[in-house]
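We did not get these values from a lab; they are worked out from the coordinates using the rules stated. Since this is a predicted model, take the numbers as computed values, not measurements. Cβ placement follows ideal geometry from the backbone for every residue including glycine, while neighbour counts extend to all protein chains displayed.
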Amino acid sequence: MAVRMGFKDDGPIMGGHDSLAKRLCQVSPYAGRIEPLIGVIPEIMERNDQLRPLWTAWRQNATPDVTPRQYFTRSEIKVLCDFVQYLYFASDAFARSARIGR
């Protein structure tokens, strides 16, 4: 059974937080596979005790010339990579690919 990650009123326009979330997810090789979920990532991170401090720090301190790998420690990068990987494997896209054997 696939986990639905969508929320009502998700819009197609990428706002400031979506852009920050997209940059943050680039730490993971799964980043391109979770692109449809970018809009919900800030809310998920805000609701999670382990991810909230990372999202808050990134949201408050990110600049265009600093990458997440430059900003966060190795252990924080690991947490972020694990989060992005989880999102992919919990996504409808993964469930569909598993059903068709890709």
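Once you sort the root eigenvalues of the Cα gyration tensor of region 37-102 as a ≥ b ≥ c, which label holds: rounded (a/c under 1.5), prolate (a/b larger than b/c) or oblate (the other case)? The shape class here is prolate.
Taking Cα centre as origin and charging only the Cβ of basic (Lys, Arg, +1) and acidic (Asp, Glu, -1) residues, the dipole magnitude of region 35-79 rounds to 160 debye.
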